[in-house]
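Student: Pasting a structure here, questions to come.
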Amino acid sequence: MSDAGARDPHWLQPLYSAEQMRATDRWAIEERRVPSLDLMERAGSGLAALVSAIQPDGLVVIACGTGNNGGDGFVAARVLHDAGRDVRVLLAGDPEKISGDAAENLRRLTVGVEPWSAVALDGAAVIVDALLGTGFSGEVRGVVGEAIRAIASTGDPVVAADVPSGVDASTGEVSGPAIAATATGTFHAAKPGLWIAPGKHHAGDVHVIPIGIPDGAPVQATVFLVEEDVTELAPKRLPDSTKFTSGHVLVCGGSLGLTGAPCMAADAAMRAGAGYVTACIPRSLNLVLETRLLEVMTLPLPDDDGALTLAGARTVLDEATRRGGALIVGPGFGKADGSVQLARTLAADADVALVLDADGLNAHAGRLELLRERRAPTVLTPHAGELGRLLAVDAKEIEAHRLRYVRDAAARSGAIVVLKGDDTLIAEPGGRVAVSRGGAGALATAGTGDVLSGVTGAMLARIEDPFTAVCAAVELHRRAGRRAAAEVGAAEGVIASDVIAALPRASRM
């Protein structure tokens, strides 16, 4: 696995934290001699253009703070006013605290500045949030907090400058009131907080505004947005390919009442390109699974009233050694003691790439560090509740601090951790994190996690680098969800099997 700091591939778009963006600004100003006033001018001008595109007519109310974010707002106000737009500028803070480039752009304003007043929002066609910038973290208080609450109560379209006020640009954390923007004009590059929940839900449509910073800044991002072309890295089947060279996946799971999960994982692996899939399932349920899985081999294992037991471990491990590829453990496993012991043994002893999902994850609650002893790649695919159980942290705490906890889990387990959500996060032990673009509400239905497990297993069996494979799996799964919604007609009508059926078409960009 590659660590943060290595050269990053073209399919990862850097997302710069507040500290990294400050360093980039300093480099541009001090090393490349780009005037800081020019950077602010381009930022404000780009912001003005975005405002005009979103709401071309009517009163623009620009709420400014006393820092550089407010300076960007002053530039936007001047540009819009000079173009003939009706503009009102509200200052939330003490004007004596404004300094540097922001003070210069306040001086250049061609429209008057009014002290903050919620009443002054009346009649706005669009509101610009230039209250706080990327340097903010924590909880907003005082007059800026009042301004955020007042803006939210209007229901008017809001354009945020760089990052919605109240959102931590580096993490997406929101600790108090925060702007819910219609769109965010972010400067030079997008920030992690615009793509990671809960901040993602405040950003609206994200537009990157170039501000004249040259290429080549000696700043290494650690958070990235996954680009669509990552799926192109999966090998194509050639005329001389065989079912074995196309990748082998084992799916170990199933129990009485939970036969659907391993079926969906196995079918998804096939539809994602695996040439040979073996379902390791309870012997007493073999007829059920044989009937449902026409293209998948079954490997019946000893069971106790439909629950897998430790007695099947050797059979699965031998098959993994003989065939290679990837092993998925957990779909439909259940929580019987024998199943838990089987999941732990397979994780400890399998010498192939491993995907742990569902009860395969729950079997490792409080035991994350033991996974570091594995010799082959390990991938964990929890949702917030499952990650909470792994880390002994409440699920709500996970949701509030998603970046922090996915990194913690990756570091502790030595595994690639996929924290599922609309902003699915893929974290390496070294700290690098990839973020999915999301936008696939159709995936919010039972069984799609099993589909992701199957796709992940297929990609691990087909792509040499595990991190690349997992990112490709998450992106293909996302696109299949969107495709399924389009084909069914509504996200609400999509079921997991629709997503499986959409995988081949989604693989074509």
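Every read-out reported here was derived from the displayed coordinates using simple, explicitly stated rules and does not represent laboratory data. Here the structure is a predicted model, which means the values were calculated and not measured. Methodologically, a virtual Cβ is constructed for each residue, glycine included, from the backbone with ideal geometry; neighbour enumeration extends over all protein chains shown.
Student: Treating the beta-carbon of each Lys and Arg as +1 and of each Asp and Glu as -1, no other charges, what is the dipole magnitude of the chain about its Cα centre, to the nearest 20 debye? Each step should come with its number before you reach the end.
Tutor: On the way: 47 positive and 62 negative charges, 173 e Å.
So the dipole magnitude of the chain works out to roughly 840 debye.
Student: Next up: Where a Cα-Cα gap under 30 Å defines reach, which lysines qualify for LYS236, not counting those fewer than 8 residues away within the same chain?
Tutor: Counting by Cα, and skipping residues close in sequence, LYS236 has these lysines nearby: LYS420.
Student: Given contacts defined as C-alpha pairs under 8 Å and at least six residues apart, what's the relative contact order of the chain, whole-number percent?
Tutor: Rounded, it is 13 percent for the chain.
Student: Mind ordering 297-310, 325-338, 233-246, 72-85 by average Cβ neighbours within 10 Å, highest first?
Tutor: Numbers: 297-310: 19.1, 325-338: 24.9, 233-246: 12.1, 72-85: 22.8.
Result, highest mean Cβ count within 10 Å first: 325-338, 72-85, 297-310, 233-246.
Student: Another question, if that's okay. How much length is gained on full extension from LEU294 to LYS243, taking 0.36 nm per residue of separation minus their Cα-Cα distance? If you can, show how the numbers build up before the last one.
Tutor: On the way: separation 51, 0.36 × 51 = 18.36 nm, distance 1.54 nm.
Length difference between fully extended and current span is 16.8 nm.
Student: Isolated Cys in the chain by the 4.7 Å beta carbon test?
Tutor: Within the chain, the cysteines lacking a partner Cβ under 4.7 Å are CYS64, CYS263, CYS471.
Student: Among THR66, LEU39, ILE54, which residue has its Cα positioned farthest towards the positive end of the charge dipole of the range 31-72, with +1 placed on the Cβ of Lys and Arg, -1 on the Cβ of Asp and Glu, and the dipole taken about the Cα centre?
Tutor: The residue sitting farthest along the positive end of the dipole is LEU39.
Student: Which cross-chain or sequence-distant (5 or more) residues have an amide H under 5 Å from the amide H of ILE209, H modelled 1.01 Å from N in plane?
Tutor: The list, which skips near neighbours in sequence, is THR186, PHE187, HIS188.
Student: Set the Förster distance to 25 Å, then compute FRET efficiency between ARG505 and ALA446 from the Cβ-Cβ distance, nearest 0.05. Before the final figure, lay out each step's value.
Tutor: Values: r = 22 Å, r/R0 = 0.90.
Working from the Cβ atoms, E equals 0.65.
Student: Taking the Cα centre of the chain as the origin and placing charges on Cβ (Lys, Arg +1; Asp, Glu -1), which of GLY123, ALA348, ILE500 is farthest toward the positive end of the dipole?
Tutor: ALA348
Student: Using only Cα atoms, tell me the angle between helix 337-349 and the longest principal axis of the chain; keep it within 0 to 90° and round to the nearest 10.
Tutor: For helix 337-349, the angle is close to 80 degrees.
Student: Can you pull the semi-axes for the range 254-324, root of five times each eigenvalue of the Cα gyration tensor, sorted largest first, whole Å?
Tutor: Numbers: eigenvalues 71, 52, 15 Å².
With the √(5λ) rule applied to the range 254-324, the semi-axes are 19, 16, 9 Å.
Student: Projected onto the charge dipole of the chain (+1 at Lys/Arg Cβ, -1 at Asp/Glu Cβ, origin at the Cα centre), which of ILE426, THR298, VAL288 gives the Cα projection farthest towards the positive end?
Tutor: THR298
Student: Charges only on Cβ, +1 for Lys and Arg, -1 for Asp and Glu: so what's the dipole of the range 291-418 about the Cα centre, in debye to the nearest 20?
Tutor: Numbers: 16 positive and 18 negative charges, 94 e Å.
Result for the range 291-418 is approximately 460 debye, rounded to the nearest 20.
Student: Sticking with this structure for a sec: Can you tell me the length gained on complete extension of the stretch SER497 to LEU37, counting 0.36 nm per residue apart and subtracting the Cα distance?
Tutor: Length gained, SER497 through LEU37: 160.1 nm.
Student: Could you tell me what a quarter of the Cα convex hull surface of the chain works out to, in nm² with one decimal place?
Tutor: Details: hull surface 99.1 nm².
That works out to 24.8 nm², a quarter of the Cα hull's surface.
Student: Right, next: Treating the angle as unsigned and between 0 and 90°, give the value, to the nearest 10°, between the Cα long axis of helix 313-323 and the longest Cα principal axis of the chain.
Tutor: So the helix axis and the longest Cα principal axis differ by about 80 degrees.
Student: Could you calculate the contour length gain from LEU287 to GLN220, that is, 0.36 nm times the residue separation minus the distance between their Cα atoms, to one decimal place in nm? Working shown, then result.
Tutor: Values: separation 67, 0.36 × 67 = 24.12 nm, distance 5.37 nm.
Net length gain for the segment: 18.7 nm.
Student: Consider a paramagnetic label point 7 Å from the Cα of ASP318 along Cα→Cβ; state which residues of the range 338-359 have an amide N under 11 Å from it.
Tutor: Of the residues in the range 338-359, none has backbone N under 11 Å from the label point off ASP318.
Student: Could you compute the net charge surrounding LEU121? Neighbours are other residues with a C-beta less than 15 Å from the C-beta of LEU121; K and R count +1, D and E count -1.
Tutor: On the way: positive: ARG88, ARG149; negative: ASP86, GLU114, ASP122, ASP129, GLU146, ASP156.
The answer is -4.
Student: Along the Cα-to-Cβ line of ILE29, 7 Å from the Cα, sits a label point; which residues in the range 62-81 have backbone N less than 17 Å from it?
Tutor: From the range 62-81, the list is 66-75.
Student: Relative to the longest principal axis of the C-alpha atoms of the chain, give the angle of the C-alpha long axis of helix 448-462, reported between 0 and 90° and rounded to the nearest 10°.
Tutor: Once rounded, the angle reads 80 degrees.
Student: Sticking with this one: Do me a favour and compute the ellipsoid semi-axes for the range 241-506 from its Cα gyration tensor, root of five times each eigenvalue, largest one first, whole Å. Can you show the working numbers first?
Tutor: Details: eigenvalues 117, 100, 62 Å².
Working through the eigenvalues yields semi-axes of 24, 22, 18 Å.
Student: Using label points projected 7 Å from each Cα along Cα→Cβ, tell me how many nm separate GLU139 and SER117, to one decimal.
Tutor: 3.0
Student: Using a Förster distance of 30 Å, how high is the FRET efficiency between LYS97 and LYS396, based on the Cβ-Cβ distance and rounded to 0.05?
Tutor: The formula returns an efficiency of 0.25 here.
Student: To the nearest 0.05, what FRET efficiency results for HIS201 and THR154 with a Förster distance of 25 Å applied to their C-beta separation? If you can, show how the numbers build up before the last one.
Tutor: Details: r = 18 Å, r/R0 = 0.74.
The pair HIS201/THR154 has a calculated efficiency of 0.85.
Student: Between HIS10 and GLU228, what is the spin-label point distance in nm, taking each point 7 Å from the Cα along the Cα→C-beta axis?
Tutor: Label at HIS10, label at GLU228, 1.6 nm between them.
Student: Charges only on Cβ, +1 for Lys and Arg, -1 for Asp and Glu: so what's the dipole of the range 143-265 about the Cα centre, in debye to the nearest 20?
Tutor: Numbers: 6 positive and 12 negative charges, 88 e Å.
I would put it at about 420 debye.
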